[in-house]
Each structure stands twice: as structure tokens, then as C-alpha cells.
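Here it is: the structure, laid out below.
The values are calculated or read from the model by the stated rules, or taken from the named source; none is laboratory data. Only a predicted model underlies this, so the values are computations on that prediction, with no experimental measurement involved. So basically every Cβ, Gly included, is an ideal-geometry build from the backbone, and we count neighbours across all protein chains shown.
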Amino acid sequence: TVSDEALLDERRDNCLLAISGIEISKPGGSDLRYGIATMDISSGRFILSEVTGLEALFAEIERIKPAEILINENLIELDIKLEHAAKRKRPAWEFEIENANYALCKHFKIKDLSAFECNELIMAVQAAGCLIQYALKTQKSELPHIQSIRVEQLVDSVILDAASRRNLEIDTNLAGGTENTLLSVLDHTSTTMGSRLLSRWLNRPLRNTENLIKRQQVVTKLISDYHFESIADLLNLIGDLERILARVGLRSARPRDLARLRDSYEIFPSLQDNLKNIDDRSITQLGSRIASFPEQLHLLKRAIEENPPVVIREGGVIAEGYDTELDQLRDLSKNAGQYLIDLEVREKERTKLSTLKVGFNRVHGYYIEISKGQAESELPPEYIRRQTLKNAERFITPELKIFEDKVLSAKSKALAREKFLYEEILDILSKDLTNLITSAEAVAELDVLNSFADRAVNLNYTLPKLSSEPELIIENGRHPVVEIVLREDVVANDLYLNNQQKMMIITGPNMGGKSTYMRQTALIVLMSLCGSYVPASAAVIGPIDRIFTRIGSSDDLAGGRSTFMVEMTETANILHNATPNSLVLMDEIGRATSTFDGLSLAWASAIYIAERLSAFTLFATHYFELTIIPESYESIINIHLDAVEHDNGIVFLHSVKSGPANQSYGLQVAQLAGIPNAVINKARDKLSQLEMEASKPKNTDYVPQQSSQDDLFGFSSHPAIELLERLNPDEVSAKEALSILYQLKEKTG
């Protein structure tokens, strides 16, 4: 709930999140429906949404990355699941719908919430009610900059679960840092509020093609004639208006905040002129939201010093000439110096004391100081001793005392007057806070689109075509982060997926580039669905509703899950939730268990996706047995990442070729990693032995064998039960029934 600039990361949102929940019925059981309310007090955003199930809830938490979470104290299971999160349990009555409606309507000064179109989101409104009560309590003031509620529907955006966000390293790398992420590559924004908006866009790609095309049009126009360069120069002069205006609303804005506000509004007319020179409807619409504020600018230019101090308590914030009363009070203090000089000259002449001087300190105020030697001579009777020093005596006179009272009173009154005027300025700015915030949001949006234009030109990106057909086509695609990190030309690769060709089984050596190829595909799709140009020579992106990734291996010790359990949990999420419009990346399914178990699971998962889900799928594996699947499914093809052996070593070509790989080069990669030669040689011997023993498949039809493993959750059929199942009671005579009874007795021992 902090809003102080010194306590915030200027390029990250500082969100407070509240969660409410209720059990709902569904086919096959029940699930929990969660209401989510998100507020960023430092910028004024207030957003509601609802999700079903813990997996979806955790995906939203991973996307929002809240600084603090408020949960209903009755959500005991959720409290346990969020054990390591920064959370606070709130009383259940704060989430009651009546209290929530009352608190929200009171804050927004309205009769009901129908204007925000959130009446049907009962859970989210409950969470919002708790959130607004908590925010008002912690801020101990009104929140005038929180002026509306925005509803976000999951169907409007591409869904990424928590694992996929981590694996794609959108704004946080796998080590928890911000280097070498997609955000670090694309973020050439000029303002910190633009940087935060870019992060939100990357974490919430859109499904609305119309809105995406508008973004693309703006970026394309900014690229033409290099308009983005001149606009970036102007944006560089604009401060963090979102957070400054939030502090204005909270009455915590500092003098330098108002100076930055003044300097920013001085740039707006030039920014508007630049946008008017670009002939494009989308840019005109965006520019119309960036209003100029001549009255506020005039006020700030007249009222605030050019370079004010950090805080108001020292004074010197209000400019000279803004207020007559303040100027008069300041004149008294300014003239004090000359008065003291004149007094010192006059007293020296009158007393004939050469060491006499007039001074001031904060403890004792004004004084006349005389050296010890001269202080022992006869002094004027009006000299009253005030302080004794080692080598001097200090005195006060009635005349000096009257002047001191007058000056100190003037300073105190001037400071009080200055504080009054400062609060008055905040009042004036707060009256038009809605329009000021709207313009700040438009500037942030322009900044992001301008950054897209900069990256498109300087990184040789291309405009992707957004198609309504189910297809993904990428020609000469490159990984946006890898090409920056390597600082050299990377191998570009193609990808073609459509209704007839929906899955690629990818084989090839470790370090050959399989994971990079898969991740670059997801990142190019994600960038396209944010309105950005992409690192490719051409791209066609069809409708995508979700992006799933099952990449890498890690355990969850705190959650009590092994590496294999984590892998299977992520796989289960994909198999339950992917659709024909989903993009699925699956890397090395089944490698964390035994070979036969892993191969069986990988095989079955690939078949399940192909037969039931029909999602766009990149399926990387080292199980070469899977490469025969395309012979039975026309929608599946084999591709591999190429590599060649050279001088007992291996050279990775990183290029995608059709067909399966002929070997995995595991020993060569191990040698590159520094495994001792003795180990490598023994491994070669064992590999030769295994290859000789292995029998090649007689045909390409995979026939699943009866599993020799026990079913932990199943029950073996008993002979007596089998006998009863075959029995038809209506056709059995009394004699036969007696015989069957003896048989059952015999079978049960």
C-alpha cells in the first residue's frame, strides 16, 4: 500500500490483490470459483476478474505478481497453498456482498455499481469491497485517484498458466532476475509508466484482432519517416505522471513531483503537434486522449519554483510573485540581513567597541557579540547578557529583541502561508484528476507503441499478419532474446502449422536448439498478440486462446513434489485444458522416470493431443520410438535439429530439417560438458552392447502390451465376483443355485 517514490520500483507495478471464493457445482464434482480484485494505489488502477479452479487462480497471481494478498479467513485451503506469499487474512464480514456494495458505492459516490458492469461478478465485487476498505484504512485518507473499476474477462486475453510464464521468461528469468528476458529486449520505453504498461501487455496478450490491428497500424505509422525518434525525444522529457497524480490524489505529492508535472505538461503541445503531423486515424484517436492542460500548466509555472526543495517544510517552494502576502512576509526576512549590517555599524560607532558584531543562531536567536576583554568595560545599560562563551560575551537589546520577534514571526507565518498555498494547489489539481489520469494513460500507451517501432527498426523485425484461419506460419524466425545475448547472427528457422498439420515431433541432440526453437515460436506468437512486430521475415498468426509449456525440469521441495510429479502436474494441466486453438510446447515428457514408463507416457500424451485436443503442438523428445507416430497420423510430422560429427566431436547446426534425427549425440554432448574420458569410453562400450541387444520393431503399428505394473488405485477381480457377474439369476434352477453356492464357497477358500 506504499506510494512513496523512494520505496517503489519505478518499472514494476505495486499491486494489492484480494481473493474471495465459493464452491460451485460442475459435471463430475465441484470446484471453487474465485473473485479477484487488484488495486495499484500508486497509479490508480482498480481491476476485477473471476476464475475457476486453483490452477487458474495461481496463473493470475503469477501474472499480477502482487506485493500483498488479502484472503478471506474462511478460505483455509487457499491459505495453506499461499503459505510462502505475502498475505493477510481478513475477516469474512469484509467480503459480504452487502458490505462490499456499500463500501464501493460510498467511495465512488454512486447508488449502485451498474455503471462498471460488474454486478454479475459477485465474487469479484466481494473481493473489491474488502480491498477498498483495507486501502482506505491503511492510507488513512480518501482515494480520489481511484476513480473507476475495470472488468477484465479471461476470454478477452490469451491465457498462460504460471509454469508457462516462468518457462518463457517474459519479465523474469529462471534465476529470478530481469536480465535476458523478453521484456528486457522490448523495453525501449522513454517513461517508467510506459515500461510498466509494456510489462502488463506482455503478460496479458489479446485475442481481439481488431484492437491488435489498431496497435499494429500505430506502430507502422511511427516507423514511417522515423517518427518514433522525434516522439521518443519528447517522451524522454515526461515524468511518471501516473504515480505523481496518484500522490496528488493522496495529498502526498512532493514539491519536485509538481515540478515534474509542470515540465511534463509543457511538452504536451509539442507532442500533440508531432502526432498531428502523422496522417493516421489510429494515431489521431490516441492523440485526442492526450489533452493539453493550459490552466494547470499556467498555475504550476506561476506557483512552483524552477528547482524546488525536496520537501515543503523548509519553505522555498512557492515562487516569488505568486502570492502578495507571502512576498511581504518573505521581504521581512530578506531585509533582516541589511538591518543587521546597519545595526552593527551603528553600535560600533556608538560604543567604540571594535570587536562588536551582530549575529544569529537557531538556538539563541539574534545577538550582539563582544570579546571578553572589551565586555569588561562599561557597556550601554540596554545591553542584556544572553550567553557567555570562552572568549566572548553575547548580549541582546530591546531593539534587537523586537526585531527578532518580528522576523521570526514573519518566517513562521511565511512557512505556514506557503503550506496553505501548496495544499490549495493540490486541491485545484485534484478537481481535474480524471482527465489528467486519462492523458497519462494515453502517454504510456503511446510510449509502448513507440518502443515497438524502435525495436522493429533496430532489430529488423517484421509485421505479422493476424489471420482468422487456424494456422501458425513463421518464416526465418529467430529467438528475440538469444539473438541479443549472442550478439551474432543466429540460425533462422521456419514453422508451418495448420488444420492439416498440427503437431511436430522434434528430435535432435541436446544443445541442438530444440527448446530454443520451441520457445521462440511461443514468444513470436506472444509478441504478435501484443501488437508488436516480430523477429522473422514473415509470420501469419491465427487465433490462439492459450499458450502451454512443459519445458525444463525442477522439483518443488516446499510443496512436497518430485521432479516427475511437477512434470506430470504440468502435463495434466495441458491435457485437461488445451483446445484446438491452443499452442502447446512439450519438451522431454517422461524423462524423469524409468525408460518404459516415460516412453509410454510420452507416446500416450502425443496420441491424446492428436486425437482429442488437436492443439498446435511442438513435441520434443529423445524417445526415437515416437518418430513412427506420424506414419499413423496425417496431422503429425517429424522434424529434427541438425548436427554433424567432426573429428570425434559434434557441430550443432541449429537448423530445422524435416524427418526424424538419426541419433541423439548424447555421448558427444557429455564429452563437451567435461565428463572424464574414462567414463565416456565405458559409456561407448555399453552403448554398443545395448544397440546390439536391441531388436528393431517388426512393423510400424504400435501395439500396447499389458502393463506389468500394479494399479495403485484399482482393484483386482476376484474369481467369485467373475462367477457372479456371468450369472443370470432368472435362468438358474434351485438345484443349480445350490451347486453355484458350493462353487462360491470353494473359490473363497
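Of K111, K137, which residue is over 25 Å from E55 (Cα atoms) and part of a helix (DSSP H, G or I)?
K137
Taking the stretch 173-221 only, how many residues are part of a loop (DSSP other than H, G, I, E, B), touching a residue at least 24 places away in the same chain (Cβ under 8 Å) and within 28 Å of I574 (Cα to Cα)?
Number of matching residues: 7.
Pick out, from the stretch 474-556, the strands (runs of 3 or more DSSP E) lying fully within it that include 3 or more residues that are more than 23 Å from I574 (Cα to Cα) and modelled with pLDDT of 95 or more.
Those strands (runs of 3 or more DSSP E) span 538-541.
Can you tell me how many residues in the stretch 360-402 are surrounded by fewer than 18 Cβ atoms within 10 Å (Cβ to Cβ) and part of a helix (DSSP H, G or I)?
7
Right, here's the next one. May I ask you to say which residue of A92, A100 is of a type in the set (A, V, I, L, M), surrounded by 13 or more Cβ atoms within 10 Å (Cβ to Cβ), within 27 Å of L32 (Cβ to Cβ) and touching a helix residue (DSSP H, G or I) at 6+ places or on another chain (Cβ under 6 Å)?
Of A92, A100, the one residue that is of a type in the set (A, V, I, L, M), surrounded by 13 or more Cβ atoms within 10 Å (Cβ to Cβ), within 27 Å of L32 (Cβ to Cβ) and touching a helix residue (DSSP H, G or I) at 6+ places or on another chain (Cβ under 6 Å) is A100.
Residues are listed down the side, and each one gets a yes or a no for (1) touching a Ser or Thr at 6+ places or on another chain (Cβ under 8 Å); (2) free of Cβ contacts under 8 Å to residues at least 40 places away in the same chain; (3) buried (at least 23 other Cβ atoms within 10 Å of the Cβ):
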position	(1), (2), (3)
I223	no, no, no
F228	no, no, yes
L234	yes, no, no
G239	yes, no, no
A253	no, no, yes
R262	no, no, no
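Modelled with pLDDT of 75 or more, surrounded by 11 or more Cβ atoms within 10 Å (Cβ to Cβ) and not β-branched (V, I, T): does that describe H718?
No.
Now a separate question. Just one of G21, G35, G28, G53 is among the small types (G, A, S), surrounded by fewer than 19 Cβ atoms within 10 Å (Cβ to Cβ) and modelled with pLDDT of 85 or more; which is it?
Answer to the selection: G53.
Here is a follow-up. So L472 fits all but one of (1) farther than 25 Å from L186 by Cβ; (2) outside the structural domain of G239 (by TED's automatic domain parsing); (3) surrounded by 15 or more Cβ atoms within 10 Å (Cβ to Cβ); what number is the exception?
With respect to (1) farther than 25 Å from L186 by Cβ; (2) outside the structural domain of G239 (by TED's automatic domain parsing); (3) surrounded by 15 or more Cβ atoms within 10 Å (Cβ to Cβ), L472 is out only on (1).
This table checks each residue for (1) of a type in the set (S, T, Y); (2) within 30 Å of L299 (Cα to Cα).
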| position | (1), (2) |
| --- | --- |
| T324 | yes, yes |
| Q328 | no, yes |
| N335 | no, yes |
| T351 | yes, no |
| R362 | no, no |
| E378 | no, no |
| Y383 | yes, no |
| D405 | no, no |
| A414 | no, yes |
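To keep it simple, each residue is scored yes or no on (1) on the phi > 0 side of the Ramachandran plot; (2) in contact with an Asp or Glu (Cβ under 8 Å, 6 or more places away or on another chain); (3) not assigned by TED's automatic domain parsing to the domain that holds A92.
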{"position": "L131", "(1), (2), (3)": "no, no, no"}
{"position": "A135", "(1), (2), (3)": "no, no, no"}
{"position": "K140", "(1), (2), (3)": "yes, no, no"}
{"position": "L143", "(1), (2), (3)": "no, no, no"}
{"position": "I146", "(1), (2), (3)": "no, no, no"}
{"position": "V151", "(1), (2), (3)": "no, yes, no"}
{"position": "A163", "(1), (2), (3)": "no, yes, yes"}
{"position": "R166", "(1), (2), (3)": "no, yes, yes"}
{"position": "D171", "(1), (2), (3)": "no, no, yes"}
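Go through the stretch 634-662 and count every residue that is touching a residue at least 60 places away in the same chain (Cβ under 8 Å) and out of contact with any strand residue (DSSP E or B) (no Cβ under 7 Å at 6 or more places or on another chain).
Qualifying residue count, the stretch 634-662: 1.
List the helices (runs of 4 or more DSSP H) inside the stretch 591-695, counting only whole elements, that have at least 1 residues being more than 36 Å from the chain's Cα centre (by Cα) and among the aromatic types (F, W, Y).
Answer list for the stretch 591-695: 595-608.
With respect to the numbered conditions (1) assigned to a helix (DSSP H, G or I); (2) over 30 Å from N450 (Cα atoms), which one is the sole condition not fulfilled by G316?
Condition (1) is where G316 drops out.
How do the pairs read when you match residues in the stretch 136-153 that are closer than 18 Å to G35 by Cα with residues anywhere that are surrounded by fewer than 16 Cβ atoms within 10 Å (Cβ to Cβ) and at pLDDT below 90, using Cβ under 8 Å and keeping only pairs 6 or more apart or on different chains?
Close Cβ pairs satisfying both conditions: V151/E117.
R487: over 19 Å from I283 (Cβ atoms), out of contact with any Gly (no Cβ under 8 Å at 6 or more places or on another chain) and surrounded by 21 or more Cβ atoms within 10 Å (Cβ to Cβ), yes or no?
no
Quick check, is K109 more than 15 Å from A128 (Cβ to Cβ), of a type outside the set (A, V, I, L, M, F, W, C), touching a residue at least 24 places away in the same chain (Cβ under 8 Å) and not assigned by TED's automatic domain parsing to the domain that holds I547?
Taking the combined requirement at face value, the residue does not satisfy it.
Within the stretch 319-333, track down each residue that is surrounded by 12 or more Cβ atoms within 10 Å (Cβ to Cβ) and not in a loop (DSSP other than H, G, I, E, B).
E325, L326, D327, Q328, L329, R330, D331, L332, S333, listed by residue number.
State which residue is farthest from M527 (Cα to Cα) when the search covers only the stretch 441-473 and only residues that are outside any loop (DSSP other than H, G, I, E, B) and more than 26 Å from the chain's Cα centre (by Cα).
E471
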